[in-house]
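Quick note: the coordinates plus some simple rules give every number you see, no bench work behind them. Just so it is clear, the structure is predicted and the values come from calculations on it, not from any experiment. For neighbour counting, all protein chains shown are included, and Cβ atoms are generated from backbone atoms with ideal geometry for every residue, glycine included.
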Amino acid sequence: MSVSSASGIVLRRAILTSRGATQRPSVVESLPRSINSRVFGSYRTIHRSARLPAITASEARHRPTLRPHQQSSAARVIGPSAASKRSIFIQTENTPNPDALKFIPNHRILPEGFPTSFLEYLSPRSTLAPPHPSPLAANLLNVDGVTSVFYGPEFITVTKASDANWAHIKPEVFSLITQSVTSGEPIVSTVAKSGEQAQEGGDAESLSSNEEDDEVVGMIKELLETRIRPAIQEDGGDIEFRGFENGIVMLKLRGACRTCDSSTVTLKNGIESMLMHYIEEVQGVEQAMDEEEEISMHEFAKFEEKLRQQKGAAATASTGGKGTLDSAA
């Protein structure tokens, strides 16, 4: 074969090769339709998944948080501190007595089965003496302006002096009640008596039924317990039955009602009228006085009489002086 013929053959092969390259279908077009759709379908799937949000709120709730051993260790760390804290809410209510305020925590004050329905502390000494000392009452009576502390089954009534301001007393009372409840210690303790009783209301329940009571006394106690006591407790106080003799019922108001100006009205218009309406043997109601209260009232009456005499003497002296000056003129 000559050189020219060989070069011609090579040239023709090169031309044919270049034409085949220009007319060869693309790889994608040469694939079957099923393979082509699967390839592009996978690309579309990847493209769509890139547009989805990272995670939804519902999926987040189902995500695993801690493995069991990790979760138990976290509870051991958090558990004791959370269990040691006791949530407390204290509600306040006004009473008919502007110097008495009712504090109602979400915690029982007198324990279940307590021998009496109330306790009243009138002095710091009474809060430490048997049979029912109370550290909380002692702290409350140490607040400047507080004169008495009354415990009901589920409330505390604090009475202040007439010249004291609630704006200064309330924050301290809130703080002391909160500390007492959250400490977990009992608010009232019971110890054996060793001498004279110190708390008012420490004896057995005065309105409880007694086998020695006659029919009339039993009816009086039942009416006081069911119809009258709830209303008085609502006002931050309580009532005590002292006796029935010659048609007169002797009662003692406690708590906010003890020093309220309207206590006499409550006895006469409220309690007396109801007892006389339902029990015909009742002819009247009077408030019983303790020995200390009788002495205090007697001394106060003497003081008022002394002031009245001094004012009368001063008025007489001033009148006589004016007459002398007029006659001299």
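Taking every pair of distinct Cα atoms and averaging 1/r, then inverting, what Kirkwood hydrodynamic radius in Å comes out for region 90-183?
13.4
Which order, highest average first, do 165-171, 248-254 follow once you tally other Cβ atoms within 10 Å for each residue and take the mean per peptide?
Per-residue mean Cβ counts within 10 Å order the peptides as 248-254, 165-171.
Quickly rank 143-154, 269-280 as a protection proxy: mean count of other C-beta atoms within 10 Å, highest first. Could you put the intermediate results ahead of the total?
Working: 143-154: 19.6, 269-280: 15.5.
Highest mean packing first, the order is 143-154, 269-280.
Can you tell me which of 107-113, 208-214, 229-235 comes out highest on packing, and rank the rest after it, using the mean Cβ neighbours within 10 Å?
So the order, starting with the most tightly packed, is 229-235, 107-113, 208-214.
Antiparallel as a % of all DSSP beta bridges within region 215-288, to the nearest 5?
Restricted to region 215-288, the bridges split so that about 65 percent are antiparallel.
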